[in-house]
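Step one of this worksheet: look at the structure below.
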Amino acid sequence: MLVVGELINSSRKAVAQAIANRNKAYIQDLARKQAAAGAAIIDVNCGTSIGEEEKVMAWLVDTVQEVVDVPLCIDSPSAEALATGLAAHKGQAMINSITAEKERWAEVLPLVKEYKAKVIALCMDDGGMPESVADRLRVADKLVSGLVAAGVPADDIYLDPLIKPLGVNSQYGVEALESVAALKEKYPEVHSICGLSNVSYGLPERRLLNRAFMVMCLTRGMDAFILDPLDIQLMGLLRAATALAGQDEFCLEYIAAARAGKIKA
Ligand code: THG
């Protein structure tokens, strides 16, 4: 199970503030804590740095890589910011994200190839957000065949079905889960990933929904999550469900996490 730590994201007020003040200590503390809690990759997003996102992304990458060994997930709607982040990054980065939208595809694919990066591929195209399982499969087909044709190894591809808020439509949870299963069936060699927070948007006690949704996605074949690794309940469920799904030989990871105090009942 791959955990991408989501906390260094400027949509969070404290992070936006720290980035604006170039507060290295705050960012580095968040990086260390997430890596220690089990994040194998750390997402970095500075979308609120309007007009200077390119410069700030390079600073953010340097700042985080100064203190942790894990690779980063460079997260931006701006291809220029992705490029400066990737240029600053040491080791194999992950790109968040490419889509099948013509313009996005054309600007991000060259970066995936140049940096031999892992890539999150969102199941959307110029028709907008997917409306059904069939929509996601149709777009995933374009994404996977296009990426593989460009020489990207299947193992570096992470399909994101795009999770919509359950509060908007009570079938959005089921639709997402069926998409995960269908993607796994059709592309067994490709990974799938999602953020957990969209599903609970607008509902109370969001972490309960995020935690339940993570376990349900995992049972349908999802093998990576963008999440808050400092949520010890969430990480406990993730390690437990991974072991129960037969993906943790001799329960070694579960036992190690418990011994290190990283998970707790
Ligand atoms: N797929 C992909 N990328 C993504 C997402 C996804 N990136 C963004 C998001 N979803 C995952 N990242 C975050 C980062 C921070 C928060 C949630 C998701 C967060 N949210 C607070 C909350 O939920 O309560 C609100 C913000 C705040 O604290 O001010 O912290 O699905 N590919």
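The values are calculated or read from the model by the stated rules, or taken from the named source; none is laboratory data. Everything quoted here is computed from the prediction, not taken from an experiment. Because the Cβ atoms are built from the backbone with ideal geometry, glycine has one as well, and the counts that use them run over all protein chains shown. In case anyone asks, the SASA skips ligands and DNA or RNA and just uses the protein heavy atoms, side chains included. Shrake-Rupley method; radii C 1.70, N 1.55, O 1.52, S 1.80 Å.
Which net charge results when you count Lys and Arg as +1 and Asp and Glu as -1 among the other residues whose beta-carbon is under 10 Å from that of Gly38? Spell out each step's value before the answer.
Values: positive: Arg239, Lys262; negative: Glu253.
Residues close to Gly38 contribute a combined charge of +1.
Taking amide hydrogens as placed 1.01 Å from N in the peptide plane, the amide H of Cys46 sits under 5 Å from those of Ser10, each at least 5 positions away in sequence or on another chain.
The DSSP beta bridges internal to the chain are antiparallel in roughly 5% of cases.
What does DSSP give for region 35-154 in terms of the percent of beta bridges that are antiparallel, rounded to the nearest 5? DSSP beta bridges in region 35-154 are roughly 10 percent antiparallel.
How would Glu253, Glu101, Glu66, Glu205 rank on accessible area, largest to smallest, probe 1.4 Å? Intermediate values should be presented prior to the final figure.
Values: Glu253 90, Glu101 50, Glu66 115, Glu205 140 Å².
Order by accessible area, largest first: Glu205, Glu66, Glu253, Glu101.
Spin-label model, Lys116/Arg138: points 7 Å from Cα along the beta carbon direction are separated by 3.7 nm. Largest GNM mean-square fluctuation among Ile19, Ile41, Ile255, using the chain with Cα springs under 10 Å: Ile255. Residues in the chain average 46 Å² of solvent-accessible surface per residue, probe 1.4 Å, ligands and nucleic acids excluded.
Coupling constants for region 188-193 follow from the phi torsions by the Karplus curve (6.51 cos²θ - 1.76 cosθ + 1.60, θ = phi - 60°), and in residue order they are x, 8, 9, 8, 10, 8 Hz; glycine and proline get x.
Lysine pair count for region 77-235 with Cα-Cα distance under 26 Å and sequence separation of 8 or more or different chains is 25. Counting only residues at least eight positions apart within a chain, or on another chain, the lysines with an alpha carbon under 17 Å from that of Lys13 are Lys24.
Here the label points at Asp155 and Lys55, each 7 Å from Cα along the C-beta direction, are separated by 4.0 nm in the simple model.
Pulled fully out, how much extra length does the chain show between Ile232 and Glu178, if you take 0.36 nm times their separation in residues and subtract their Cα-Cα distance? Walk me through the numbers before you get to the answer.
Numbers: separation 54, 0.36 × 54 = 19.44 nm, distance 2.74 nm.
Working it through step by step, the gained length comes to 16.7 nm.
Computed extension gain for Glu103 through Ala265, at 0.36 nm per residue and net of the alpha carbon distance, reaches 53.6 nm. Taking amide H as placed 1.01 Å from N in the peptide plane, the amide H of Ser97 sits under 5 Å from that of Ser76, each at least 5 places away or on another chain.
Legend: helices of the chain (whole DSSP H runs) are marked when their alpha-carbon atoms reach 15 angstrom or more along the helix axis and their mean Kyte-Doolittle hydropathy is at least -1.0; marked are 24-37, 53-65, 102-114, 133-149, 172-186, 206-219, 232-244. Once backbone amide H atoms are built at 1.01 Å from N, Ile193 has Leu159, Asp160 as its partners under 5 Å, excluding neighbours fewer than 5 places away on the same chain. Largest to smallest in accessible area, the residues Glu131, Glu6, Glu185 fall in the order Glu185, Glu131, Glu6 (1.4 Å probe, all protein chains included).
On the chain, 55 percent of the accessible area sits on carbon and sulfur atoms, based on a 1.4 Å probe.
From the gyration tensor of the Cα coordinates in the chain, what semi-axes in whole Å does the equivalent ellipsoid have, largest first, with each one equal to sqrt(5λ)? Mind showing how you got there, number by number?
Working: eigenvalues 128, 120, 66 Å².
Sorted largest first and rounded, they come to 25, 24, 18 Å.
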